[in-house]
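Read-outs: derived from the displayed coordinates by stated rules, not from any lab. Just so we're clear, the structure is a prediction, and the values are computed from it rather than from any experiment. Quick reminder, even Gly has a Cβ in these numbers, built from the backbone with ideal geometry, and neighbours come from all protein chains shown.
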Amino acid sequence: MPARTGGIPGISRIDLNRQDESTVKFLILNQRYFVIGGVLLLTVLSLACAVAFGPWFWVPAIIFGALLLVGLRDLRQNKHSILRNYPISAHIRFILESFRPEIRQYLLESDRDEIPFSRQARGLVYQRAKGVEDKRPFGTIEDVYKSGYAWLTHSVAPSIITDSDFRVRVGGPNCKQPYDASLYNISAMSFGSLSGNAILALNTGARKGGFAHDTGEGSVSRYHRQGGGDLIYQVASGYFGCRNDDGTFSEEKFAQTAADPQVKMIEVKLSQGAKPGHGGMLPAAKITKEISEARGIPMGIDCISPAAHSTFSTPVGLMEFIGRLRDLSGGKPVGFKLCIGHRREFMSILKAMLKTGIVPDFIVVDGKEGGTGAAPVEFVNHVGMPMHEGLTFVHNALRGAGLREQVKVGAAGKIVSAFDIARTLALGADWCNAARGFMFALGCIQAQSCHTNCCPVGIATQDKIRQRALDPGDKSERVARFHKNTMHALAEITAAAGLHDPRNFMPYHFMVRQKDNEFADGNEAYPYLPEGFLVADTEIEELHDWHSRWDRASPETFAPKEIPFGPYKRQKNSAHEKAAQ
């Protein structure tokens with residue numbers, strides 16, 4: 001017979017062991033309720049002590065009572081499963097998750113992690129904007145044997161450059177007011193996305209440093225005018241600053257805005273890198289009186305930015321619109337900005353230039369790595385062509401059509417250092433733009449809260465209290481200083497290559513590691529294609545894909561003549577070949 005326990009009849013050790021195991025299992029399965037149970041117990045004890053010993057115990061009683069109410073609410077709500085299963089304690093997860101980016105940025109991120117800009121890149125901008133030491137001791141932290149690493153080929157006979165105010169003249173033969181642009185300018189950022197103080201600081205810095213500031217699609221605001229710096233007026237699909245009440249383009253209002261002496265160039269935005277082919281909306285609640293004034297829109301109504309322009313729908317229509325804008329502006333340089341998508345469509349635009357004889361003064365290539373206040377994740381990560389490939393394609397397509405000498409090319413996409421500028425110029429750009437680089441100069445800490453209206457440094461917010469944190473006078477000095485020091489660094493890197501002007505950089509001045517144990521000359525990775533090869537009578541066999549795409553392009557429509565399934569094969573008796581015969 002089993003042994004009795006403690007003389008208590010009817011209860012065996014086996015029964016007690018089973019009961020103990022059941023209790024342990026119950027406690028393990030329900031340990032998630034320990035916190036709310038403990039809070040309940042502490043609430044009761046605190047209330048009892050408050051009654052028995054004095055009013056000081058009401059303080060913990062109120063605290064624990066409030067936590068108990070939170071726990072009871074967690075058990076009753078049905079939106080968050082984790083809160084129902086782990087009342088009270090699950091809130092710790094949400095708290096930690098809310099400042100996870102800050103923990104990563106300040107404690108875990110290495111100098112080379114890009115999210116999207118590395119600490120090394122941000123630190124460089126901060127140092128140059130503040131005018132403090134920007135040198136690095138003890139050697140590079142780059143993995144120079146990693147695929148993708150690029151370097152400049154320097155000369156044993158470096159040159160001496162004393163003037164770093166590098167400029168390029170923008171304006172073709174039909175332009176009456178050409179503009180001598182700096183090689184490094186502020187890219188498009190709208191008032192509305194950025195605060196008034198941020199716009200004022202950027203534009204004042206541009207005036208002090210002698211470079212241009214793109215208005216973005218939000219038009220010219222009072223803060224741009226107060227700053228007094230050179231402007232690139234962007235005309236986007238919403239036609240802000242030049243629209244009728246129904247949202248269509250107004251020639252009269254455009255002419256009035258473009259006549260402003262601050263406006264040096266006009267840029268038609270076809271698409272932007274971070275969300276190409278996507279429109280936007282500014283909710284009525286965020287439209288202030290100042291935003292309404294700048295954009296020419298009513299208050300109390302959502303402001304819609306369509307994905308496409310309503311003034312034109314064909315390549316020829318785009319060229320005719322550019323011609324109208326040039327005439328209405330009094331002959332100022334007019335161009336367009338886009339992120340490359342269908343390459344055939346860009347070739348259609350080139351064919352429209354040849355057909356109409358209307359050639360834009362400039363084209364700005366925006367890479368898909370460009371930034372924005374907010375965009376769908378799919379667009380940010382997977383739509384559009386990166387800047388290096390887009391720029392190379394645009395540069396070579398213009399060369400192939402025989403138009404490269406008539407059109408200046410700008411480029412934007414994570415360009416913050418002198419090396420970034422030099423390499424971009426080598427790939428075919430005439431100048432570079434940067435948005436986030438100049439935001440860092442203002443003091444941006446990459447909090448990535450631009451879409452929340454809660455920017456911690458007062459840059460991307462319309463909250464008047466938060467804006468006060470940004471002093472336009474001090475920050476404008478930082479903006480001008482960042483530009484000046486970056487241009488000085490560009491002069492140094494240009495001199496090291498044995499050149500006298502950064503516009504003379506060519507692909508062969510750079511090497512690119514394509515695999516861990518192989519590298520290529522820049523001419524191999526990003527070659528310049530022959531002038532006029534797309535309009536020549538004979539085809540270059542090695543460039544068959546370019547010729548095929550050119551044949552499919554039409555100046556009359558952006559739609560394809562046919563949809564190729566698999567590798568596209570040219571017709572043997574194509575119109576191009578018949579003309580050649």
For residue 305, other-chain or 5+-apart residues with amide H closer than 5 Å (H placed, Pro excluded) are 280, 281, 282
Relative to the present Cα-Cα distance, how much length would full extension add between residue 44 and residue 141 at 0.36 nm per residue of separation?
-> 29.1 nm
Calculated from backbone phi, Karplus (6.51, -1.76, 1.60) coupling profile of the range 282-296 in Hz, x at Gly/Pro = 9, x, 4, 5, 9, 7, 8, 4, 5, 5, 4, 5, 5, 8, x
In the chain, what % of DSSP beta bridges are antiparallel (nearest 5)?
-> 40
Once you put a point 7 Å from the Cα of residue 307 and another 7 Å from the Cα of residue 518, both along the Cβ direction, what distance in nm separates them?
-> 3.9
What FRET efficiency comes out for the pair residue 538/residue 506, r = Cβ-Cβ distance, R0 = 30 Å, nearest 0.05?
-> 0.70
By average C-beta atoms within 10 angstrom, highest first, the peptides 159-166, 490-497 | 490-497, 159-166
Collect residues whose amide H, placed 1.01 Å from N in the peptide plane, falls under 5 Å from the amide H of residue 184; neighbours closer than 5 in sequence don't count.
-> 432
The chain, helix-only ellipticity at 222 nm - DSSP H runs n ≥ 4, -39,500 (n - 2.57), divided by all residues, nearest 500 = -12000 deg cm²/dmol
Note, ³J(HN,Hα) from phi for the range 471-486, Karplus 6.51, -1.76, 1.60, rounded to Hz, x at Gly and Pro | 8, x, x, 5, 5, 5, 5, 5, 4, 5, 5, 4, 4, 4, 5, 5
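Report the calculated FRET efficiency for residue 256 and residue 378 (r = Cβ-Cβ distance, R0 = 30 Å), to the nearest 0.05.
0.15
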Treating the beta-carbon of each Lys and Arg as +1 and of each Asp and Glu as -1, no other charges, what is the dipole magnitude of the range 101-253 about its Cα centre, to the nearest 20 debye?
-> 380
Work out the length of the dipole vector of the chain about its Cα centre, built from +1 on the beta-carbon of each Lys and Arg and -1 on the beta-carbon of each Asp and Glu, and round it to the nearest 20 debye.
-> 1520
Using 0.36 nm per residue, how much length does the chain from residue 448 to residue 289 gain when fully extended, once their Cα-Cα distance is taken away?
-> 54.6 nm
Order of 141-154, 405-418, 247-260 by packing, highest average Cβ count within 10 Å first?
-> 405-418, 247-260, 141-154
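Evaluate E = 1/(1 + (r/R0)^6) for residue 84 and residue 51, where r is the Cβ-Cβ distance and R0 equals 22 Å; express this FRET efficiency to the nearest 0.05.
Step by step, r from the Cβ atoms, then E = 0.10.
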Would you kindly state how much longer the chain becomes between residue 488 and residue 248 on full extension, computed as 0.36 nm times their sequence separation minus their alpha carbon distance, in nm to one decimal?
-> 82.0 nm
Inter-label distance for residue 72 and residue 327, nm, one decimal - labels placed 7 Å from Cα along Cα-to-Cβ = 7.6
Kirkwood-based Rg to Rh ratio, the chain, C-alpha trace = 1.13
Under the Karplus relation with 6.51, -1.76 and 1.60 and θ = phi - 60°, whole-Hz ³J(HN,Hα) for the range 45-58, x at Gly and Pro, equal 4, 5, 5, 5, 5, 5, 6, 7, 10, x, x, 4, 7, 5
Dipole of the chain, positive direction: furthest Cα of 98, 534, 494, with charges on the beta-carbon = 98
